[in-house]
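Below is one structure; the comments refer to it alone.
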Amino acid sequence: MRIIVIGAGEVGYNISDILSREGNDVVIIDKNEERLKVVSENIDVQTLQGSGSSPEILKQARLDQSDMIVAVTDSDETNIVACLLAAVQSKAILKIARIRNPDLNRESTIFDKNHLGIDLCINPEREAVTNVLSLMEYPGASEIIDFAEGRIKLAAFFVNGKCEALGKELREMKNPSGVHDFLVASITRNAEPLVPTGNTVLRENDYLFVLSETQNVRRILRFFGKDMAPPQRMFVMGGGTTALMLSEALEKKGILLKIIEKRQDRCDYLASMLDKAVILHGTSQDLLKEENIQEADYFIAVTNDEEANILGSLLAKQLGVKKAIALINRVDYTHLVPYVGIDAVMNPRQATISKILHFIRKGKIISATPLRDEKAEAVEFIALETSEITNKPLKNIRFPKGAIVGAILRNNEVIIPWGDSIIRPGDRVILFTLRSAIPQVEKFLTVKLDYFG
């Protein structure tokens, strides 16, 4: 496909990188010359300097010959106008716009195909809130990722001293009936990813990615020593748009909520918008102590200041909160956060990238999800009759180094594979690979699987 990406920020850069690596013809438009220089030096795409809402610039980008436009600048107006111009040029082009204004996003039907013709309007903060709410259904996990329309889940978490599996080989880990009903698909150890084998031994502070059928996730987390008690009391630090979205959702779940905000006018606004939440004006350590932070299940920091979110979460942990989540957009911060004691990260930009990629996938590939600093990736695809990986035991297939099959969905059955498992044509397969192995994996699958066709 030929794809125009408007905006060379982190979201546009990452989407362009992934789509380009899959063999698509990508052009990035941005007004910032320095951003475009970074793009052209690092990924194989065309660049064009100018405004994405300019008809002339879009004409230079050959909009009339393109299959898709992805508008992800920081300006809602630019993104909307770019998609409207695309709609005039072509009825067939797929149009995606990032729209952060919650008032516009709340009325997203205005932008659908029957009105202004935008195929997908995405709000980064709303997607991040959705991810956090999903995470709260599984309190022992730091990340939860869905596959196969929610039938299969990937849970990520640190192994701590409470885990009875410490020092054991992965091949030993079975449920009480002696069945392997989960698979450790990837391990991050000392900040580096590794693809485990059956004789890999678990160590304390390993960060595991565990794949299983959704109905087994809670039991598996308990097996690894994770507390699964549902949250009842929570603190939210920050009173902006994201905080309000999150607080509205938490109130609907019946969670006792306290919000800390340093701006008095914003406190008044939050009080008018929320029914039961307690609004606290201030930011001090004494305030957290006075409000019994140690009795809370979660502390979620969602201010516009990433450093403040990290420091606030660390303070809350020091004062005794059970779990702390910090809103962080910068990728270079994300991998450091769990090691300093924060339990999970809320990343609107990453949520946006995942949502957009999931929406635009075509052909046999269903989704591709970056994992943990994007050093590894989970790919969901459909196996074809002509594939080299079908109709033979997995142990007899020479996968590229750093790749592993994590799960198979056949008809309505979820299969957690081991060496003797066989992939059949038509199976949905979830494969994990290290980022360093992606070129080999693409070559391995493109020839036989029509992977990106």
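The values are calculated or read from the model by the stated rules, or taken from the named source; none is laboratory data. The structure displayed is predicted, hence computed values, not measured ones. Cβ: placed from backbone, ideal geometry, glycine included. Neighbour counts: every protein chain shown. To get the accessible areas, we keep the full protein, side chains included, count just its heavy atoms, and leave off ligands, DNA and RNA. Shrake-Rupley method; radii C 1.70, N 1.55, O 1.52, S 1.80 Å.
Would you pick out the residues in segment 376-393 that are open to solvent by 20 Å² or more (accessible area, probe 1.4 Å), of a type in the set (A, V, I, L, M, F, W, C) and not in a loop (DSSP other than H, G, I, E, B)?
Hit for segment 376-393 is Ile382, nothing else.
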Sole residue being more than 15 Å from the chain's Cα centre (by Cα), part of a strand (DSSP E or B) and at pLDDT 80 or above, chosen from Ile300, Ile342, Ile310: Ile300
Can you run down the residue pairs with Cβ atoms below 7 Å, 6 or more apart or on separate chains, where the first is in segment 352-369 and part of a loop (DSSP other than H, G, I, E, B) and modelled with pLDDT under 70 and the partner is open to solvent by less than 20 Å² (accessible area, probe 1.4 Å) and small (Gly, Ala, Ser)? Arg361/Ser367
Does Glu77 satisfy being without any contact (Cβ under 8 Å) to a residue 60 or more places away in the chain, within 24 Å of Asn123 (Cβ to Cβ), out of contact with any strand residue (DSSP E or B) (no Cβ under 8 Å at 6 or more places or on another chain) and surrounded by fewer than 18 Cβ atoms within 10 Å (Cβ to Cβ)? yes
Quick check: is even one residue across segment 21-32 over 24 Å from the mean Cα position of the chain (by Cα), in a helix (DSSP H, G or I) and farther than 21 Å from Phe359 by Cβ? no
Looking at (1) modelled with pLDDT of 90 or more; (2) more than 22 Å from Asn329 (Cβ to Cβ); (3) among the small types (Gly, Ala, Ser); (4) open to solvent by less than 60 Å² (accessible area, probe 1.4 Å), find the lone condition where Ala86 falls short. (1)
Only one of these is touching a residue at least 40 places away in the same chain (Cβ under 8 Å) and either in contact with a strand residue (DSSP E or B) (Cβ under 9 Å, 6 or more places away or on another chain) or β-branched (Val, Ile, Thr) (or both): Leu288, Leu274. Name it. Leu288
So which of Leu211, Leu221, Leu166 ends up being outside any strand (DSSP E or B) and either without any contact (Cβ under 8 Å) to a residue 24 or more places away in the chain or open to solvent by less than 10 Å² (accessible area, probe 1.4 Å) (or both)? Leu221
